[in-house]
Amino acid sequence: MAPANKRLVMKFGGTSVANLDRIRRVAKRVGVEVAKGYDVIVVVSAMSGKTNELVGWVGEAGGALHDAREYDAVVSSGENVTAGLLSLVLQSNGIDARSWQGWQVPVMTTSAHSSARIEDIPTANFDTKFAGGMKVAVVAGFQGISPEGRITTLGRGGSDTTAVAFAAAFEAERCDIYTDVDGVYTTDPRVSSKARKLDRIAFEEMLELASLGAKVLQTRSVELAMRYKVKLRVLSSFEEQSDNAGTLVCDEEDIMESNVVAGVAFVRDEAKMTLISVADRPGVSAAIFGPLAEAGVNVDMIVQNIAEDGRTDMTFSLPVDQVERAESAVRDAMAREEINFHDLIADRDVSKVSVVGIGMRSHAGVAARMFAALSAEGINIKVITTSEIKISVLIDRKYMELAVQALHDVFELEKA
Ligand code: ADP
Ligand code: ASP
Ligand code: MG
């Protein structure tokens, strides 16, 4: 048997497949890679705006406590349309292509509906088809099938993860993520005009940036690429291509020189809750955060004040759309007499801004510069957290853009 062709995974996000014209451009780009001799796996998102529309319909039909399995059945459907349409266009260009929905592959996932994880992608089926002359497999991103046989989705932005998982499973030469910007920038170019495109970024930095809000790649996709050593590239589907276009996400060792801070990330819609005057005794944190976790609240930062007379205030941050759920979880815990507090304050108008860089491991003083820059703009810091390679602060939302720009300036990120 002839050796298999080299494999390439190409992923196209929502704006890249927003209409038939764009889909035709995508087909052309895929055709270029096919002509180079690759067997190509293309992963597509839904047309831009489609997933949001579907999520909205689910909310209207099912309310806040809808069946998560039906959410996935509905919300996954946007990708089915683009996968079929792209296959049709490829076929009309004379390329042997067909579409695959997640369950047909099958992309096997956990049962965690709306945030499932990929567990396995069997390769035999595609291998046979490629050996038989198929040139392009167009895969609907973002979706899979649970052990119970129900359709699952991988969380918002999940097509990135589909793409990297296929690249790992098929040992693809590269995983190219085509999007509406031409790479990973020092911060979201929509927020700072001074944002600079990075030629390379280390996996660890990309992982932090993604998990701290830079939605250019889904966090899980970076995790997978790091674990399976997938060569991951982010590039624009709107510009003419060259072989070293975009940003390569790579090992730290492959970056010659880098700034102490690689980038600034933010999460716009955060909230802060404070439980005033809770008992300062062993077990109180468990009694508060246990019920919050059970209610599915994603608590992020936590600060506990210094106790006075055996009582203290406990503050934590969470996504703004989880405030109601969090309130009822802690009030229920109080009704069960597991905790006791005098008051509960929710601030729904905060954002989280973070600076990220592996250089922080060996450079002191980054936090001090960050705080000085914010203070110079009159921005009050409400909560701070740090780790080895990032510092995050919670601030009033109205200052978010200003904070991002101030930090971009103070760490001179516009300069290479
Ligand atoms: P797609 O639909 O192609 O998956 P996304 O909207 O999910 O695209 O991600 C691309 C967007 O990510 C960009 O349009 C940009 O606004 C945003 N973004 C946030 N942070 C960054 C960053 N550091 N570098 C590049 N883009 C970023
Ligand atoms: N269409 C899905 C979303 O909007 C998945 C993706 O685009 O990656 O979240
Ligand atoms: Mg995306």
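The values are calculated or read from the model by the stated rules, or taken from the named source; none is laboratory data. Keep in mind the model is a prediction, meaning the values are calculated, not measured. With ideal geometry, Cβ positions are generated from the backbone for all residues, glycine too; neighbour counts draw on all protein chains shown. Please note that ligands, DNA and RNA were not included when accessible areas were found on the heavy atoms of the full protein model with its side chains. Shrake-Rupley method; radii C 1.70, N 1.55, O 1.52, S 1.80 Å.
Listed values, structure above:
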| item | result |
| --- | --- |
| Long-range amide H partners of Val43 with built H, under 5 Å | Met10, Lys11, Phe12, Val139 |
| Accessible surface of the chain, 1.4 Å probe, proportion on carbon and sulfur as whole % | 49 percent |
| Centroid-to-centroid separation of region 65-96 and region 2-28 [C-alpha atoms, Å] | 14 Å |
| Contact order relative to length of the chain, as percent, for alpha carbon pairs under 8 angstrom and 6 or more apart | 14 percent |
| Accessible surface ranking that places the most exposed of Met47, Met10 first, with a 1.4 angstrom probe | Met47, Met10 |
| Probe 1.4 Å - accessible area at Val74, Å² to nearest ten | 60 Å² |
| In nm, spacing of pseudo-spin labels at Arg24 and Val81 (7 Å Cα→C-beta vector) | 1.9 nm |
| Mean-position separation - Cα centroids, region 259-309 and region 107-152, in angstrom | 37 Å |
| With DNA, RNA and ligands ignored, accessible area of Ser146 (1.4 Å probe; Å², nearest 10) | 10 Å² |
| Net +/- balance of residues flanking Thr123 in space, Cβ distance below 11 Å, scoring K and R +1, D and E -1 | -1 |
| For the chain, size of Cβ-based charge dipole, Lys and Arg +1, Asp and Glu -1, in debye | 1200 debye |
| Region 1-128 shape via C-alpha gyration tensor axes, a/c threshold 1.5 | oblate |
| Of all DSSP beta bridges in region 7-179, antiparallel share, percent nearest 5 | 20 percent |
| Set of lysines near Lys135 by C-alpha distance (under 26 Å), chain-local residues within fewer than 8 positions excluded | Lys6, Lys11, Lys28, Lys36, Lys229, Lys231 |
| Selection from Val323, Ile151, Gly296 lying farthest towards where the dipole of the chain points positive, charges on Cβ | Ile151 |
| All lysines inside 30 Å of Lys382 as judged from Cα atoms, apart from same-chain residues fewer than 8 positions distant | Lys194, Lys215, Lys272, Lys352, Lys390, Lys398, Lys415 |
| Simple spin-label estimate for Ala376 and Phe238 in nanometres, 7 Å along Cα-Cβ | 3.2 nm |
| Rounded, prolate or oblate (a/c below 1.5 giving rounded, otherwise prolate when a/b exceeds b/c) for region 1-66 by Cα gyration tensor | oblate |
| Ordering of 322-328, 80-86 by packing [mean C-beta count within 10 Å, highest first] | 80-86, 322-328 |
| Protein-only accessible surface order, largest first, of Ile151, Ile379, Ile384 at 1.4 Å | Ile384, Ile151, Ile379 |
| Within the chain, helix-based [θ] at 222 nm, where runs of 4 or more DSSP H residues each add -39,500 (n - 2.57), nearest 500 | -10000 deg cm²/dmol |
| Sequence of Glu294, Glu239 from largest to smallest accessible area, 1.4 Å probe | Glu294, Glu239 |
| Rounded accessible area per residue of region 63-219, 1.4 Å, Å² | 40 Å² |
| Where region 268-416 is the region considered: accessible area per residue in Å², 1.4 Å probe | 48 Å² |
